[in-house]
Amino acid sequence: MAIKRFKPGDRVRHYGGGPIMQVIGYMPTKFPLIGATQSGYWVDCVWDINGKRQSQVFNQDVLIKLGHGYDLPNYQSTAHSRANYLQY
């Protein structure tokens, strides 16, 4: 099992730059050909651009944890709210 570097609510940024994001949680990685699931490395993040909510899953190795003081909305980390992020 992987060591989780982040927890829900942490503020992060991609190593390459980009917007400040909020961690929603870790997503399991599924391997359909062998029927296995691995947990730990993939982080579900959300952020807003021009008032529109964005969401993407990143490998935790490409994210940097930021300190406190960033003004972001506090997103809920539930399966129901995750579905709302993906609606268009």
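Readers should treat all values here as calculations from the given coordinates under stated rules, not as data from a laboratory. Model, not experiment: these values are computed from the prediction. Because the Cβ atoms are built from the backbone with ideal geometry, glycine has one as well, and the counts that use them run over all protein chains shown.
Using a cut-off of 16 Å between alpha-carbon atoms, which aspartates and glutamates can reach Lys65, once sequence neighbours fewer than 8 places away in the same chain are excluded?
Within the straight-line limit of under 16 Å, Lys65 reaches these aspartates and glutamates: Asp10, Asp44.
Say each of Val62 and His14 gets a label point 7 Å from the Cα, pointing the same way as Cα to Cβ; how far apart are those two points in nm?
It is 0.6 nm.
I need the phi-derived Karplus couplings for the range 5-12: 6.51 cos²θ - 1.76 cosθ + 1.60, θ = phi - 60°, integer Hz, Gly and Pro marked x.
8, 10, 10, x, x, 5, 9, 9
Tell me, in nm to one decimal, what length is gained between Lys4 and Thr29 on full extension, where the rule is 0.36 nm per residue of separation less the Cα-Cα distance?
Net length gain for the segment: 7.6 nm.
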